[in-house]
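Taking it in order: structure first as structure tokens, then the write-up.
What follows is calculated from the coordinates using simple rules that are stated; it is not laboratory data. What you are looking at is a predicted structure, and each value in this text was computed from that prediction instead of being measured. Because the Cβ atoms are built from the backbone with ideal geometry, glycine has one as well, and the counts that use them run over all protein chains shown.
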């Protein structure tokens, strides 16, 4: 059912954890299945110098988040925005159709984090 790469990233996830002083932190989830990703990025000179994450979900969610993290580490923000669910699944050698939503979670978290970094929310003003 799963490729060797999927099983490797599930059994040995890369870049898992948290980081001190990230430039951006974003949490995204899929209410339909309950999977969630908390992603941390350190960005310097428009390049993602480090990425960490915590993921709650099935084996495919773990594997896709791990693969996606390796795909963006050391890349520019523009390159990171090009990561799609299809590219993550392809990098893993494919996913069963029923698990494709898992790769959406990782790509969505990346896009949300880059977008938040590029357009931070306005700070509330106190009068």
- Residues residue 18 and residue 79, FRET efficiency given R0 of 22 Å [Cβ-Cβ distance, rounded to 0.05]: 0.40
- Note on the structure: Candidates for Rg and Dmax of the Cα atoms in Å are (i) 14.8, 48; (ii) 14.5, 59; (iii) 15.5, 46, and the calculated one carries label (ii)
- Message: What does the extension gain come out to for residue 38 and residue 25, with contour length at 0.36 nm per residue minus their alpha carbon separation?
- Response: 4.0 nm
- Taking only DSSP H segments of four or more residues, each worth -39500 (n - 2.57), what value at 222 nm results for the chain once the sum is divided by all its residues, to the nearest 500 deg cm²/dmol? -12500 deg cm²/dmol
- Message: Just want to confirm a number: the relative contact order over the chain, from Cα pairs under 8 angstrom separated by 6+ residues, in percent.
- Response: 28 percent
- Tilt relative to the chain, helix 59-72 - C-alpha long axis, 0 to 90 degrees, to 10: 50 degrees
- Please determine, in degrees from 0 to 90 and to the nearest 10, the orientation of helix 100-118 with respect to the longest principal axis defined by the Cα atoms of the chain, where the helix direction is its Cα long axis. 20 degrees
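Neighbouring Cβ atoms within 10 Å as the yardstick, rank 69, 11 fewest first.
11, 69
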- Query: Given the chain, what percent of its DSSP beta bridges are antiparallel, to the nearest 5?
  - Reply: 95 percent
